[in-house]
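Comments concern the structure below.
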Amino acid sequence: MTSPYGKATLVVGLTSAGKPFLTEDEIHRLMAGTEIEYEIQTASRPGEAASLARDAVEKGSGYLIWVGDDWTLHEVVNGIMGESGPINPDLVMAGIPGESGSDFLKTMGLNNKPADAIRHLAGEPFFGIDVGRITWAPPADPDYGYFINMAQAGLSGDMARRRQRLPRRMGRAGDLLAFWATLVRFRIPQGAVKLDRRSFGGPLANVVVANGQFVRGGIRLALKAHPGDGKLDVLIQKGNKRDFVETMTLSLKGEHLPSPKIKEYLAARVEISAKAPMPVEVDGRPLGTTPAIFEIVPQAFRLKI
């Protein structure tokens with residue numbers, strides 16, 4: 001038996017230790033009760049999930065299931081998108097999260113346990129999902145890419161850059177070290193944010209461009225973000241480093257908004273520039289610097305729910 005969308009292709013991503021999130025035996029046990037026909041494609045190196053996903057779509061697969069974390073989904077999304085939009089706008093996707101869970105699936109109200117995620121793979125209901133497109137300034141190569149959950153420029157981008165230099169095994173201690181090192185050394189630049197028909201100029205401590213609500217393992221940062229509304233949620237944080245610490249603390253409880261220190265906007269296009277390049281975090285990892293343009297690609301794929 002197969003799904004209404006045909007044979008499924010499971011693309012398995014890699015953990016930070018370079019191991020598959022789930023082994024083939026584990027996947028077979030999880031899928032045993034679904035009666036869905038499927039094949040498994042497992043990445044053997046970082047970034048390969050993107051090419052595996054692209055290969056599957058170009059060969060006609062209409063049902064793609066990613067296995068892993070939000071970065072696995074980031075890679076898969078970049079694999080299924082062409083330069084100007086999705087390779088197959090009718091593609092249906094679903095996710096089986098790894099142990100670390102998925103902030104994006106949490107926005108969709110889906111459980112982060114693999115065994116529970118399996119129950120959402122069969123049947124017909126789906127939800128149209130938007131994707132964010134980033135255009136990087138030259139000499140970036142490639143000069144464009146996609147994100148699914150959230151991008152941040154400024155203090156959060158610098159934190160992500162510093163955290164990536166530290167061993168993953170440091171866990172929460174590494175997060176705290178990157179946080180305090182960023183606060184000591186980061187200089188808040190003067191910059192500008194252009195949004196559709198309006199703009200903001202001044203000191204930019206941090207700018208959030210969100211498609212999903214959650215970040216960093218469950219912090220609900222963009223409270224109103226909706227990954228199917230054709231808009232990006234934009235939070236522009238003014239003020240100094242002390243204000244940023246206060247916002248971070250309140251965000252752990254989802255109490256940072258509304259705030260006179262944070263401007264909230266909805267936009268289909270966001271352009272961020274600054275006198276000094278601001279590091280950018282994309283779907284949890286550092287990926288570049290400003291200037292950069294963020295645009296929404298509406299209904300890029302369908303998420304199985």
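No value in this document is a laboratory result; all are computed from the given coordinates. The model shown is predicted, which means the values in this text are computed figures rather than measured ones. No Cβ is skipped: glycine too gets one built from the backbone with ideal geometry, and neighbour counts run over all protein chains shown.
Observations
- Applying 0.36 nm per residue to the separation of SER199 and GLU99 and subtracting their alpha-carbon distance, the gain on full extension is 31.9 nm.
- Each residue in GLU99, GLU48 was given a count of other beta-carbon atoms within 10 angstrom of its own, and listing them fewest first yields GLU99, GLU48.
- Here the extension length gained between VAL184 and GLU83 equals 32.5 nm, from 0.36 nm per residue of separation less the Cα-Cα distance.
- Helical mean residue ellipticity (222 nm; -39500 (n - 2.57) per DSSP H run of 4+; nearest 500) of the chain: -7000 deg cm²/dmol
- Likely footprinting exposure, MET170, MET81, fewest C-beta neighbours within 10 Å first: MET170, MET81
- Highest mean first, the peptides 290-299, 172-181, 34-43 sorted by other C-beta atoms within 10 Å per residue fall in the order 290-299, 34-43, 172-181.
- Answer label for Rg and Dmax of the Cα atoms in Å (calculated), chosen among [x] 21.5, 81; [y] 19.0, 59; [z] 21.0, 77: [y]
- Segments 66-75, 133-142 sorted - mean Cβ within 10 Å per residue, highest first: 66-75, 133-142
- Across the stretch 132-144, rounded Karplus estimates of 3J(HN,Hα) from the backbone phi angles (6.51 cos²θ - 1.76 cosθ + 1.60, θ = phi - 60°) give x, 10, 10, 10, 8, 6, x, x, 4, 9, x, 8, 8 Hz, Gly and Pro being marked x.
- Ignoring lysines fewer than eight residues from LYS194 along the same chain, the ones with Cα atoms less than 25 angstrom from its Cα are LYS224, LYS231, LYS238, LYS241, LYS261, LYS263, LYS275.
- In this calculation the C-beta distance from ASP55 to ASP175 is compared with R0 = 41 Å, giving a FRET efficiency of 0.70.
- Shape category assigned to the stretch 1-106 from the gyration tensor of Cα positions, a/c cut at 1.5: oblate
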